[in-house]
Every structure is written in structure tokens, then in C-alpha cells.
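Colleague: Next up is a structure, given as C-alpha cells.
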Amino acid sequence: MTDATTPGTAIDGTPCACGSGLRRPRCCGLDAAAQADPAGYAALDPLAEAMRKARSEGRHREAERQALALLDLAPLHREGLRLLFEIRRGERRMAAAEALAARLAA
């Protein structure tokens, strides 16, 4: 499998060691300087809305799946980070929650 942003490069599917559920390059291994401008995240509004709706309806695993998909596309999406942080904190997965909180604070 190749990365769509760099032709011919393999996608690193290694799960992040912090336990967030994200791929390592989209979590603790993220190069924030190389990420797209968050102003362009409007294209992801339908995915963010699906995430919000699932959460408000109590479908927490679906909300988690939507957040993980959203953050795989836009690793700095604040709402996705916040929701995943809340989920991981609620699960008492503190290493993951702390890593996500640090990204939110940055």
C-alpha cells in the first residue's frame, strides 16, 4: 500500500505505542509542521458531524471509529482530538489521554 501524498512510499500502519488507537505517524510520531492548514478541514465536516451525532446518540464505539477516521485524515482536528481524549480518559487509558491532551494544548 502506498501513501497518497508521496507516490511510492509505504503507509506506516504501526499503532501508536501510547494506545490512542491512531497510527503512530498520526499520533506521537506526527510531524505537525508537515500537516495541512486546519482552515481546510471544512471538507471533513460530514465526518465530524457523523462523529458528533454518534456521540450524542450514545453510540460511543461508532463515535470512536468516526474520530479515528477523522484524525487519520486530519491529525490536528481539535474536535476529533477532544472526543478521542474524552473516550480514552473514560477508559482510563491515561498514556493515550495524556498524549491526546498534549496535542490539544499545542
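Colleague: With a 1.4 Å probe and all protein chains left in place, how much of the accessible area of the chain comes from carbon and sulfur atoms, in whole percent?
Modeller: Values: 3480 of 6190 Å².
On the chain, the fraction of accessible area on carbon and sulfur atoms equals 56 percent.
Colleague: Then there is this: Need the full-extension length gain, SER56 to GLU86, defined as separation in residues times 0.36 nm minus the C-alpha distance. One decimal, nm. Intermediate values should be presented prior to the final figure.
Modeller: Details: separation 30, 0.36 × 30 = 10.80 nm, distance 1.33 nm.
Stretched out fully, the SER56 to GLU86 stretch lengthens by 9.5 nm.
Colleague: Describe numerically, in nm with one decimal, the distance between label points set 7 Å from Cα along Cα→Cβ at ALA106 and at ASP37.
Modeller: 2.0
Colleague: Per residue, how large is the accessible surface of the stretch 1-104? Use a 1.4 angstrom probe and give square angstrom.
Modeller: On the way: 6000 Å² over 104 residues.
Value returned for the stretch 1-104: 58 Å² of accessible area per residue.
Colleague: Here's a follow-up. State, to one decimal in nm, how far the label point of ASP45 lies from the label point of ARG78, with both points 7 Å from Cα in the Cβ direction.
Modeller: Once both label points are built, they end up 1.7 nm from each other.
The values are calculated or read from the model by the stated rules, or taken from the named source; none is laboratory data. Remember, it's a predicted structure, so these values are computed and weren't measured experimentally. Quick reminder, even Gly has a Cβ in these numbers, built from the backbone with ideal geometry, and neighbours come from all protein chains shown. Accessible surface areas use protein heavy atoms only, side chains included; no ligands, DNA or RNA. Shrake-Rupley method; radii C 1.70, N 1.55, O 1.52, S 1.80 Å.
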